[in-house]
1. Restricting to the protein assembly as shown, what percent of DSSP beta bridges are antiparallel, rounded to 5?
2. Quick query: amide H of B:I224 versus all other amide H atoms, modeled in the peptide plane; which residues come in under 5 Å with a sequence gap of 5 or more or a different chain?
3. Hey, got the Cα dimensions of the range C:133-247 along the principal axes, in Å, largest first?
4. What residues have an amide H closer than 5 Å to that of A:Q89, excluding those fewer than 5 places away on the same chain, when H is modeled at 1.01 Å from N in the peptide plane?
5. Counting only C-alpha contacts under 8 Å and six or more residues apart, can you give the relative contact order of chain B as a whole percent?
6. Quantify how strongly other chains surround peptide A:236-244 by giving the mean number of their Cβ atoms within 10 Å of each of its Cβ atoms.
7. If the limit is 22 Å between Cα atoms, which of A:K143/A:K176; A:K245/A:K265; B:K30/C:K221; A:K264/B:K253; A:K264/B:K269 go over it?
8. Only helical DSSP H runs with n ≥ 4 go in: add -39500 (n - 2.57) per run for chain B, normalise by residue count and round the 222 nm mean residue ellipticity to 500 deg cm²/dmol.
Amino acid sequence: MNKIKVKNLHFTYSGGQEVLTGLNLHFDDRSTAIIGQNGAGKTTFVKLLKGLLKPIQGDVWIKGFNTKEHTVASLARHIGLVFQNPNDQIFKSRVIDEVMFGPLNIGQVEQEAKKNAVNALDMVGLSGQAEENPYDLSLSDRKLVSIASIVAMNTDILIFDEPTIAQDFCGREKIKKIISHLRKEGKLIITIIHDMDFVAETFERTIVFHRGMVLLDGEPREVFSQEQELREAYLEQPHVTRLAKKLGIKETLLTAEELIDYVKKPG
Amino acid sequence: MKRLVVEDLKYRYPLSQELALNDISFAVEKGEFIGIVGPNGAGKSTLCQAITGLAPNFLKGAYGGRVLVDGMEVAKEEIAEIATHVGIVFQNPFTQIAGSKLTVFEEVAFGLENLGIPRYEMKKRIEEALELLDIAALRDRNPFDLSGGQMQRLAIAGIIAMKPEIIVLDEPTSQLDPQGSEEVFQAVQNLSREGMTVLMVEHKIEKIAAYADKVLLLCAGKLIDFERPPKVFSREDLEDYGIAPPVFTRVCKKLNIKTADGLYPVTLKEAYDKVVKILE
Amino acid sequence: MKTLSLYQPGRSIIHKIDPVTKLLFIILAIFVPIIIGTWGAALLTLLISLSFILIGRVFKKVLPILGFSSIIILSVIIIQGLFYVNNKAPLFTLGPVTVYREGFYYALNIALRIYNILVAVSILVLTTKPSDLIEALVRKGFSPRIGYIFSSVLQIIPQMMSTVDTISDAQRSRGLETEGRLSARIKAFFPLIGPVVMNSLISTRERAMALEVRAFNSKRKKTFLHEEVKTGYSRFLQFILLAILLAAIVWRVLS
């Protein structure tokens with residue numbers, strides 16, 4: 001089933017150039033990475049999905065609801081968005097209250113909100129910090145708080161805007177786990193991201209944005225095999241893909257494990 | 001002579017119980033490119049601030065040991081004077097733009113005006129800095145109209161124009177897209193080739209492996225290792241310190257491929273040279 | 001680029017005149033009509049200022065300023081025309097209301113002064129880069145720190161406004177209603193203001209460090225990238241302006 005349908009979507013900021021120039025896309029359950037240069041229209045696109053911006057022309061349907069006809073607050077029951085900088089949203093003095101804020105806003109009763117908040121904190125590995133002040137946590141833990149506060153809203157669709165920015169190795173691995181976990185729960189995960197290795201390791205579908213259009217769309221293996229188009233969009237292949245190509249391997253390899261298996265394979 | 005000497009450096013933030021830097025000692029030669037790696041909270045940013053005298057001169061706190069730049073003890077100097085010897089570039093390009101200037105050219109002049117550099121000399125230095133960072137074509141643009149990568153290079157130009165011998169960069173590419181990061185890495189490499197001493201905090205481990213002469217591994221305020229990249233990234237206990245080796249090293253480790261000195265390859269080129277022989 | 005400045009770039013002779021001379025002209029445009037006290041003086045000053053605006057090719061930008069203030073001025077004229085305490089002689093009658101001569105002229109006089117100030121200030125604001133103005137003042141001994149605050153605020157406030165937009169988006173994304181009923185808006189206050197304050201504290205600290213390492217607090221004597229625009233004719237202009245001011249005072253004392 002299509003969770004999101006985008007038809008002939010155009011968008012322009014007042015007085016500016018057209019940022020999105022007629023997009024047609026469908027999103028099913030596959031976890032999806034959106035990649036592209038800054039200014040390619042990725043952030044504008046997810047804001048349109050979220051209903052924060054409304055199409056100039058064309059339509060966006062979120063689980064059948066046209067975003068033009070519904071407020072951001074009512075769409076928030078169906079689609080969640082984790083912003084890049086956790087400091088843009090944190091205002092409560094206890095982690096648990098911060099995480100319960102969204103659920104309560106969209107009409108969950110206290111008990112349900114609490115249950116969802118506790119589960120979400122558990123999933124991001126912060127159950128021990130529920131009573132602490134978010135600002136006593138490190139920036140990477142605050143990021144996890146901001147993720148938990150969207151996860152607790154229990155929406156069918158979740159969008160992450162550059163979740164791995166300023167994350168170290170452990171933070172990056174944690175976020176990878178969170179994404180696969182949510183995927184297993186049947187949620188649609190869409191992520192804007194600049195880390196190509198992370199895309200190759202984590203997602204089932206990759207969409208390349210370039211100058212307000214979709215340049216490539218498909219499985220990561222397919223997308224990352226298009227060296228020429230990627231270069232055109234100012235993107236690079238994942239590290240392993242580059243090494244494999246240099247080694248003269250015909251297949252497009254994405255991860256360290258794939259390369260290791262390939263080399264070990266007799267013949 | 002050593003350009004930078006750090007001796008038994010200790011630092012604790014006000015209101016904090018733990019040492020952010022715990023007995024750090026190392027020395028850096030002229031023209032070396034040092035990559036600083038470690039998990040979040042390891043003390044990387046604090047170390048950068050201590051090298052530039054921001055700790056303890058701007059960020060108060062308990063301080064011990066010494067940081068010597070060309071023999072000058074930074075804790076005892078004015079930050080403005082240290083700035084002519086060590087420059088620092090931060091993560092967020094936005095907050096580094098002075099904001100009082102309308103063009104890129106004027107923005108680079110900001111520090112030079114404060115230092116009282118004569119006009120003729122100032123213009124010469126700005127031209128050089130813009131050239132070195134490859135932003136000369138943007139000279140008349142408003143700083144806030146630039147892309148992230150351009151803005152970060154402008155921030156570096158503003159520091160370079162003050163002619164420090166050492167430049168410290170604290171995760172300068174973390175907020176940039178792949179192209180913007182690449183621009184910054186290229187620019188930093190240029191500086192390093194010009195003989196500038198570079199210390200750079202960076203999570204993109206493959207980049208550090210490719211660019212750095214030495215890697216400084218920091219964890220929980222302690223200096224764990226300070227060696228050539230293959231030496232540090234070949235450590236068996238690396239992940240215990242919250243760092244994953246470059247993906248090329250991971251592949252070679254699994255395949256048990258070593259270079260002549262018994263270490264694992266760390267860059268694409270090194271890995272290629274070894275793996276290609278096996279495939280043959 | 002979003003900026004709070006009203007400056008209109010241009011190459012006119014008015015643009016080339018240094019900020020201090022323009023400041024001096026504002027003082028003159030305000031005080032000379034008051035000192036002389038005749039309608040003619042006020043009108044003449046206004047005409048001169050307007051002709052500078054025309055020469056500077058920024059007339060279109062003055063119109064909204066004048067238009068907006070005219071609404072206020074019109075109400076002043078009506079109120080004073082009707083209710084001024086010294087009202088005696090009727091000027092004209094419109095249905096049931098009578099406008100009096102004394103109040104009408106009194107209000108007209110005020111209007112003329114306000115226009116005088118607005119147009120004279122517009123010359124400075126529309127044809128001078130804010131940074132040039134502040135730099136000129138710093139050269140004259142104005143504190144560089146205060147100068148920095150003024151000039152950076154013009155660019156940094158628009159940046160902060162975009163942070164506020166992002167924060168508003170982030171909270172609306174969590175189902176917060178920021179529009180509609182008053183109670184909803186009041187409830188939205190803390191979720192919005194909390195992150196705004198925290199973000200500005202963080203960025204202020206970062207900015208303070210960035211300024212510090214660019215020798216902002218250096219004890220050395222500051223130099224300037226741009227040469228001071230102090231050509232022969234700007235000295236000459238300033239001399240003329242001062243002479244006119246003096247002449248007006250002398251005229252007033254003698255007559």
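1. Details: 42 of 75 bridges.
Antiparallel bridges: around 55 percent, rounded to the nearest 5.
2. The list, which skips near neighbours in sequence, is B:L217, B:L218, B:C219.
3. Answer, in whole Å and largest first: 64, 41, 18 Å.
4. Answer set, sorted by chain and number: none.
5. Working: 546 pairs, mean separation 62.3, N = 280.
The value is 22 percent.
6. Values: counts 3, 0, 1, 8, 6, 0, 4, 10, 3.
Mean partner-chain Cβ count within 10 Å for A:236-244: 4.
7. Numbers: A:K143/A:K176 14 Å; A:K245/A:K265 17 Å; B:K30/C:K221 31 Å; A:K264/B:K253 13 Å; A:K264/B:K269 20 Å.
Those over the limit are B:K30/C:K221.
8. Numbers: 12 runs with 107 residues, N = 280.
Estimated from H runs of four or more residues: -10500 deg cm²/dmol.
Read-outs: derived from the displayed coordinates by stated rules, not from any lab. Bear in mind that the values here come from a model prediction, so they are computed numbers and not experimental data. Neighbour counts run over all protein chains shown; Cβ positions are idealised from the backbone, glycine included.
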